[in-house]
There are 2 protein chains.
Amino acid sequence: MPAVKTTLEWSGDMSFAAELHGHRLTVDADPRFGGRDRGPRPKTLVLTALGGCTGMDVVSLLKKMQVPYDALSVEVEGESREEHPQIYTRIHIRYILKGSQLDRDKIDKAIGLSLDKYCAVHAMLSKTVPISHEVVLNPS
Amino acid sequence: MPAVKTTLEWSGDMSFAAELHGHRLTVDADPRFGGRDRGPRPKTLVLTALGGCTGMDVVSLLKKMQVPYDALSVEVEGESREEHPQIYTRIHIRYILKGSQLDRDKIDKAIGLSLDKYCAVHAMLSKTVPISHEVVLNPS
């Protein structure tokens with residue numbers, strides 16, 4: 001598989017202008033740590049990568065399984081330890097689906113396939129960080 | 001340490017509109033996999049997170065060490081395996097600095113401190129993926 005590459009140019013203070021797949025993104029630190037909040041924190045981006053990775057798997061698998069839904073969102077929450085390196089000590093993924101014909105078994109199966117087989121970001125993180133998940137259907 | 005959270009809303013096809021720290025970002029798949037390239041791939045975002053994380057450490061440490069430089073960029077390249085989950089099998093970080101008073105020893109020390117002690121993204125990935133690095137000063 002061809003290598004992928006991202007380039008980050010320092011753009012003053014703690015911020016970096018990143019380029020990946022032709023898309024641009026600024027990452028920056030919290031003002032408490034010398035940043036100006038011109039973009040998200042790099043470590044939180046790992047959670048976004050995890051949510052996007054498993055979310056796309058679920059979209060793709062539910063399409064194959066012919067499970068219709070009106071809305072799908074993925075929330076990812078991470079808790080970090082205080083000592084350096086401040087790795088996540090726990091990550092929780094919440095899959096929220098809305099629709100009138102949601103098939104719970106197939107949705108669980110799609111999520112299980114993503115987490116156990118397909119999602120590379122999950123596979124890379126879960127060696128170091130315990131990752132839990134829950135499924136919420138049609139929240140009020 | 002307070003938990004951080006990111007939310008990704010499915011926005012059609014394979015794309016998700018993500019929110020993190022009040023910043024918005026679209027992630028999307030490659031057109032070969034049903035995406036429309038409306039944003040970067042989630043897995044590549046992991047490399048951007050790694051580059052931003054260690055880059056900010058280096059900026060912060062070089063400031064403390066009073067090492068001046070004119071430009072600093074971080075390139076991160078990842079190779080993935082073909083089988084699922086398609087995790088990175090190798091990640092390489094290239095630190096490129098430009099300046100007339102670059103102190104190689106202090107720059108190496110700053111990078112070493114980031115990779116060995118401070119960078120949480122490196123600490124989380126390096127259990128699963130071999131990560132190498134090189135330092136390039138004043139490339140022609």
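Residues in segment B:70-122 that are open to solvent by less than 10 Å² (accessible area, probe 1.4 Å) and farther than 20 Å from B:Asn138 by Cα: 7 in all.
For A:Ala49, the stated conditions hold: it is small (Gly, Ala, Ser), in contact with a helix residue (DSSP H, G or I) (Cβ under 7 Å, 6 or more places away or on another chain) and touching a residue at least 60 places away in the same chain (Cβ under 8 Å).
The conditions of being part of a helix (DSSP H, G or I) and facing chain B (nearest Cβ under 10 Å) are met by A:Leu47. Among the residues of segment B:50-69, just one is β-branched (Val, Ile, Thr) and either open to solvent by 40 Å² or more (accessible area, probe 1.4 Å) or not in a helix (DSSP H, G or I) (or both), namely B:Val67. Scanning segment A:1-36 for residues that are in a loop (DSSP other than H, G, I, E, B), touching a strand residue (DSSP E or B) at 6+ places or on another chain (Cβ under 8 Å) and at the interface with chain B (Cβ under 7 Å from one of its Cβ atoms) turns up A:Met1, A:Ala3, A:His21.
The set of residues from segment B:1-39 being small (Gly, Ala, Ser) and surrounded by fewer than 21 Cβ atoms within 10 Å (Cβ to Cβ) comprises B:Ala3, B:Ser11, B:Gly12, B:Ala17, B:Gly22, B:Gly34, B:Gly35. Residues that are of a type outside the set (Val, Ile, Thr), touching a Cys at 6+ places or on another chain (Cβ under 8 Å) and more than 8 Å from chain A (Cβ to nearest Cβ) within segment B:50-74 comprise just one, B:Asp57.
Criterion applied to A:Val76, A:Val129, A:Val121, A:Val67 was being in contact with a Gly (Cβ under 7 Å, 6 or more places away or on another chain) and either closer than 17 Å to B:Ser126 by Cβ or in the same structural domain as A:Thr48 (by TED's automatic domain parsing) (or both), and the one residue passing it is A:Val76.
Could you tell me whether any residue of segment B:82-99 is more than 9 Å from chain A (Cβ to nearest Cβ), outside any helix (DSSP H, G or I), touching a helix residue (DSSP H, G or I) at 6+ places or on another chain (Cβ under 9 Å) and free of Cβ contacts under 8 Å to residues at least 12 places away in the same chain? No, segment B:82-99 contains no residue that is more than 9 Å from chain A (Cβ to nearest Cβ), outside any helix (DSSP H, G or I), touching a helix residue (DSSP H, G or I) at 6+ places or on another chain (Cβ under 9 Å) and free of Cβ contacts under 8 Å to residues at least 12 places away in the same chain. The residue that is most open to solvent (accessible area, probe 1.4 Å), counting only those in segment A:123-135 that are at the interface with chain B (Cβ under 7 Å from one of its Cβ atoms) and either in contact with a His (Cβ under 8 Å, 6 or more places away or on another chain) or assigned to a loop (DSSP other than H, G, I, E, B) (or both), is A:Lys127.
The values are calculated or read from the model by the stated rules, or taken from the named source; none is laboratory data. As the structure is a computational prediction, the values presented were derived from the model and not from experiment. Methodologically, a virtual Cβ is constructed for each residue, glycine included, from the backbone with ideal geometry; neighbour enumeration extends over all protein chains shown. For accessibility, only protein heavy atoms count, side chains too; no ligands or nucleic acids. Shrake-Rupley method; radii C 1.70, N 1.55, O 1.52, S 1.80 Å.
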